[in-house]
Amino acid sequence: MQHTLLVTGSPYQSKACHSALCFARAALKAQPDSIKGVFFYEDAVLIGNDLAQPPRDEINLKQAWQTLASEFNLPLYLCIAAAVRRGVINESESKRYELNHHSLSHGFQLEGLGTLVELMNSTQKIIQFR
Amino acid sequence: MTLHQINQLSYANHIEPLWQQSLKQGDAVLLIEEAILRLTQPHLTSMTPLEEKHICLYYLQRDAEGYGVQPSLGKALSDTEWVELAFSASSHISW
């Protein structure tokens, strides 16, 4: 049975992204297909900002998520509306807004709420981290 | 069994009684992140309703160590046990 993780807490103001990472890591090690996808919403989308650089003596949460996603082929979705308004923009959105830069980290993808609904409808349950 | 995941030392005035009153017999409560500190202030997590409703109380061992807390209440869970508990629950509520 597969599950969906929904992360809404900011990587800077809460421990949601870290708790979700620990949960996902343990779940995937036990059952590699137990999580169908992770959807980051609200301030949690800041995890996908490629320009953010944590101090060297702190955990690099973005990198840890990227490593986990790569190891287990885990989709990491960022809500596109929440991300764009916070300056987390992929190449196509950058062109659409006629910007010179994009800031989405590799391993993350911008998706609409329809993707979250599809995850909710196709997995046993959703586990949220606020 | 519904697993109630609590991650704050205290919630807003309207949320705190809501989650406690929503507990049903056989549910489980899991304290994570700073909610671990509730175990150092038992008045914030009234144990009487939990015992009366046969509700199991869990906390994350990793978070307890992070906050330097050695709880005398509840059962410590590793991350692996946390996953097993969450996946075995019929529903999951993150308050």
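The values are calculated or read from the model by the stated rules, or taken from the named source; none is laboratory data. Note that this is a predicted model, so its numbers are computed, not measured. Cβ coordinates were reconstructed from backbone atoms using ideal geometry, including for glycine residues, and neighbour counts include every protein chain displayed. Just so you know, the surface numbers come from the protein's heavy atoms only, side chains and all, with ligands and any DNA or RNA stripped out. Shrake-Rupley method; radii C 1.70, N 1.55, O 1.52, S 1.80 Å.
Select from the stretch A:26-56 the residues that are under 28 Å from A:His102 (Cα atoms), open to solvent by 30 Å² or more (accessible area, probe 1.4 Å), within 14 Å of chain B (Cβ to nearest Cβ) and not charged (D, E, K, R) and list them in ascending order. Result: A:Tyr41, single match. Considering only residues of the stretch A:92-130 that are aromatic (Phe, Trp, Tyr) and more than 14 Å from chain B (Cβ to nearest Cβ), which is surrounded by the fewest Cβ atoms within 10 Å (Cβ to Cβ)? Applying the filter and picking the extreme gives A:Tyr97. Being surrounded by fewer than 13 Cβ atoms within 10 Å (Cβ to Cβ) and modelled with pLDDT of 95 or more is true of A:Asn73.
The lone criterion from (1) open to solvent by 70 Å² or more (accessible area, probe 1.4 Å); (2) within 14 Å of chain A (Cβ to nearest Cβ); (3) of a type outside the set (A, V, I, L, M) left unmet by B:His14 is number (2). Only one of the numbered conditions (1) within 14 Å of chain A (Cβ to nearest Cβ); (2) assigned to a helix (DSSP H, G or I); (3) surrounded by fewer than 19 Cβ atoms within 10 Å (Cβ to Cβ) is not met by B:Ala64, and that is (3). In the stretch A:1-19, of all residues being more than 10 Å from chain B (Cβ to nearest Cβ) and farther than 18 Å from A:Thr115 by Cα, the one that is surrounded by the fewest Cβ atoms within 10 Å (Cβ to Cβ) corresponds to A:Gln13. Quick test of your reading of the structure: B:Gln21 fulfils all but one of (1) farther than 27 Å from A:Leu5 by Cα; (2) surrounded by fewer than 12 Cβ atoms within 10 Å (Cβ to Cβ). Name the failing condition by number. All conditions pass for B:Gln21, except number (1). Might you check whether a residue that is closer than 28 Å to B:Ala35 by Cβ and surrounded by 19 or more Cβ atoms within 10 Å (Cβ to Cβ) occurs anywhere in the stretch A:82-91? Taking every residue of the stretch A:82-91 in turn, at least one turns out to be closer than 28 Å to B:Ala35 by Cβ and surrounded by 19 or more Cβ atoms within 10 Å (Cβ to Cβ).
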